[in-house]
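Report on the following structure.
Derivation of every value follows stated rules applied to the coordinates shown; laboratory data play no part. Computed from a prediction, not measured in an experiment: that's the story for all the values here. Cβ sites come from the backbone with ideal geometry, for glycine too, and all protein chains shown count toward neighbours.
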Amino acid sequence: MSKRNRVYVYNTQSSFGCLGLIFGLIILFFLFSFFTRLFLQIFPTLLLIGSIIVLVRSIYYIWLWHKQNNASESGQFIQDEDGVLIPIDEPDYAQLDLLKRRIMLATLGLVFALFLLYYS
C-alpha cells in the first residue's frame, strides 16, 4: 500500500486584500478627522521627545566612534575572555556619516516640533 502526498493548489485570486486596504484607509481617515485636534496636540510632543532621544543617542555613538578611532590610532589592545590581546579595529566611516545624518534629521525634527508647538 503506497501513500501519496497530496498537494492542494488553490489557484484563486482574493480581492479581499485590496478591499481590506481600502477599508483600512477609510477607517484611518475617519479616525484622523475625528481626532484631529487631539492629534495636533500629541504629535508635536511625541516628535519633540523622539527627536531629543535620537539626538542624544547619536551624539553618544559619535563619542564612542571617536573614542574607538583614537584607541585604534594609538595601537591599543583589548583582552578577550581567554586572555588573548586583540588590536582595536579602525571604526567604519560610513557609520560616522550615518550618525551625522541622524543628528541632522533629529535637529530638523526638533525644529519642526518646536515650530508646531509654537503655532498650534
| message | Bin width 10 Å, origin at 0, all Cα-Cα pairs of the range 37-119: what percent of pairs per bin? | response | 17, 31, 22, 16, 10, 4, 0
| remark: A correct Karplus calculation of ³J(HN,Hα) over the range 71-76, with 6.51 cos²θ - 1.76 cosθ + 1.60, θ = phi - 60°, whole Hz and x for Gly and Pro, returns 5, 6, 5, 8, x, 7
| note | Under the 7 Å Cα-to-Cβ spin-label approximation, Val111 and Glu81 lie apart by a distance in nanometres of 4.8 nm
